[in-house]
Amino acid sequence: MAAELIGMLAERLDTAQTTCTDIPSLCDSHEFDIDDAYAIQAALLERRLARGERVVGVKLGFTSKAKMAQMGVSDVIVGRLTDAMRIEDGDTVDLARFIHPKVEPEVAYRLCSDVDLDDPLTDIESCVDAVAPALEIIDSRYRDFRFTYTDVVADNTSAAGYAIGPWRPVGSVADRAVRLRTPDTESAGSTAAILGDPVQALHALLDMCRRRRIPLRAGDVVLAGAATAAVPLVAGITECEVAGLGSVTVRGR
Ligand code: 0L1
Ligand code: MG
């Protein structure tokens, strides 16, 4: 796909986000493959950086078997997190910032060293020093969250916001009970929904970042994926609790 078209599609997604106006699937009007989709995502990120935002981490999507099956894919997807998306634990978030936000309970990891993508012996687990409960806010820029696989990658995997609870020294978080409470819903799940064990998300991330040349730096946050289906983010308190890790909240307003 020509660079000019990549820039134009990135601009369309960027305007949807900055004006809180949904758009139809890009695939309704253009044909593009997964390489083009990551190129559009990169161009979208460039626009954010040009406005003064900073990259602070990465997120994985499609980390549950159910979601992969629904989308007809066998790969996770990767998006980028910027400082403008960060919400402090317990803080209020203005719902008017979003189009139709949903929230997911997740596990976050913190990188303590740069990850060498070119060394085949890189041990990504040794590049992580902390783990925490997390909430991710997703806000597809597409009307009614209707998108194709390439659409959602181009749209930075619906990334819109995140909050991280207290960090703890890293250890296994396999098969921990997870609860998501909003004023309207209560859902229960397990960290096993994240590729069987969230640590597998780190390995999938390394593989994707190698293929897509996405840098992983000391201090970066990694959102490993959702433990339950996403639910609407509404006014009031939303909490994610992960057994043995603690909880994190945001207050929608
Ligand atoms: O973070 C996620 O798992 C969501 C990825 C994008 C799919 C969606 O918007 O539902
Ligand atoms: Mg997510």
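The values are calculated or read from the model by the stated rules, or taken from the named source; none is laboratory data. Not measured: the values here are computed from a predicted model. Cβ: placed from backbone, ideal geometry, glycine included. Neighbour counts: every protein chain shown.
A few points about this structure:
- Filter result for Phe98 (surrounded by fewer than 22 Cβ atoms within 10 Å (Cβ to Cβ) and touching a His at 6+ places or on another chain (Cβ under 9 Å)): no
- The stretch 29-41, residues that are of a type outside the set (Asp, Glu), touching a residue at least 24 places away in the same chain (Cβ under 8 Å) and either more than 19 Å from Pro215 (Cα to Cα) or buried (at least 17 other Cβ atoms within 10 Å of the Cβ) (or both): His30, Phe32, Ala37, Tyr38, Ala39, Ile40, Gln41
- Considering Leu9, Leu81, the condition of being buried (at least 16 other Cβ atoms within 10 Å of the Cβ) and farther than 25 Å from Tyr109 by Cβ is satisfied by Leu9 alone.
- Taking the criterion of being more than 16 Å from ligand 2 (Cβ to nearest atom) and over 26 Å from Arg143 (Cα atoms), the residues of the stretch 88-112 that qualify are Glu88, Asp89, Gly90, Asp91, Arg110, Leu111, Cys112.
- Taking the stretch 232-243 as the range and being closer than 10 Å to Arg181 by Cβ and within 13 Å of ligand 1 (Cβ to nearest atom) as the test, no residue passes.
- Evaluation of Lys67 against the conditions (1) charged (D, E, K, R); (2) modelled with pLDDT of 95 or more; (3) under 30 Å from Asp175 (Cα atoms); (4) part of a helix (DSSP H, G or I) shows that the sole unmet condition is (2).
- Cβ-Cβ distances below 6 Å connect the following pairs, each with a first residue in the stretch 214-228 that is within 20 Å of Phe62 (Cα to Cα), a second residue that is polar (S, T, N, Q) and within 11 Å of ligand 2 (Cβ to nearest atom), and a separation of six or more residues or different chains: Gly225/Thr63.
- Strands (runs of 3 or more DSSP E) lying entirely in the stretch 107-187 (those with 2 or more residues that are in contact with a Leu (Cβ under 8 Å, 6 or more places away or on another chain) and in contact (Cβ under 8 Å) with a residue 24 or more places away in the chain): 128-138, 159-164
- Hey, Val56 within 16 Å of ligand 2 (Cβ to nearest atom), in contact (Cβ under 8 Å) with a residue 40 or more places away in the chain and within 23 Å of Ala193 (Cβ to Cβ) or not: no
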